[in-house]
Amino acid sequence: MQPKRIIVAISGASGTILGVRVLEALRELGVETHLVLSRWGARTLVHETSRGVKEVEALATVVHARENQGAAISSGSFLTDGMVIAPCSMKTLAGIAHGYGDNLISRAADVVLKERRKLVLMVREAPFHEIHLENMLKLARMGAVILPPVLAFYNHPRSLDEAIDHIVMRALDQFGLQSDLMKRWSGEMSRGSRQPT
């Protein structure tokens, strides 16, 4: 089998660490990554994390300028296994849902959709209003995977890093990538947990 090639985009929503951990996990798995970091994604990254933009870009195989509509990932003839946007802002979601490819993130996502490849959107907002929900439904009907970064508690995360790893693991599952960053549900209750009465 040919090695995987995945586009990773980091938009300006809160939760840029999700995109960073996706890049780190894909690197560990030997996956070729093509990164697009939006202007507000870069701004949010340095506000929310201790990582610098250059440090995060170094995790990717290829980095594309956000305004470069001539990048390889703008064409369906450039073969990829899909794209993950982590996090996906509501502005980015709306642009994709309405085919408004005014930047490389929304254009690359449009290409992924038209080529019937996997598009995973880690949408970040709360609470959702009707426009958010309508845009998500529209894209879900087109085959996109709507994967908000929802916490799991059955694996008893001991830190925010572990909670993030579980979310990232679930995103990578969508591409058929076995990562086991966190304990998976086995159907067994852990020792010491209370039993229902």
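The values are calculated or read from the model by the stated rules, or taken from the named source; none is laboratory data. Just so it is clear, the structure is predicted and the values come from calculations on it, not from any experiment. Every residue, glycine among them, receives a Cβ derived from its backbone with ideal geometry; neighbour counts consider all protein chains shown. Only protein heavy atoms, including side chains, enter the accessible area calculation; ligands, DNA and RNA are left aside. Shrake-Rupley method; radii C 1.70, N 1.55, O 1.52, S 1.80 Å.
Brief remarks on what is shown
- Pick from region 142-158, criterion open to solvent by less than 80 Å² (accessible area, probe 1.4 Å) and at pLDDT below 95, ranking: nearest to the chain's Cα centre (by Cα): Ala152
- Out of Glu48, Glu24, sole residue that is open to solvent by less than 60 Å² (accessible area, probe 1.4 Å), acidic (Asp, Glu) and in contact (Cβ under 8 Å) with a residue 24 or more places away in the chain: Glu24
- Complete set of residues in region 10-25 that are touching a Ser or Thr at 6+ places or on another chain (Cβ under 6 Å) and either more than 19 Å from Ala109 (Cα to Cα) or among the basic types (Lys, Arg) (or both): Ile17, Ala25
- Taking residues in region 121-141 that are at pLDDT below 95, and partners anywhere that are assigned to a helix (DSSP H, G or I), the pairs with Cβ atoms closer than 7 Å and at least 6 places apart or on different chains are Glu125/Met90; Glu125/His132.
- Flag if Met90 is at pLDDT below 95 and buried (at least 17 other Cβ atoms within 10 Å of the Cβ): no
- Flag for Val36 being surrounded by 20 or more Cβ atoms within 10 Å (Cβ to Cβ) and more than 19 Å from Ala144 (Cα to Cα): no
- The one condition in (1) of a type outside the set (Gly, Ala, Ser); (2) part of a helix (DSSP H, G or I); (3) under 24 Å from Asp161 (Cβ atoms) that Leu35 fails to fulfil: (2)
- For Ala109, the conditions (1) within 19 Å of His132 (Cβ to Cβ); (2) touching a Gly at 6+ places or on another chain (Cβ under 7 Å); (3) in contact (Cβ under 8 Å) with a residue 40 or more places away in the chain; (4) assigned to a helix (DSSP H, G or I) all hold with the exception of (2).
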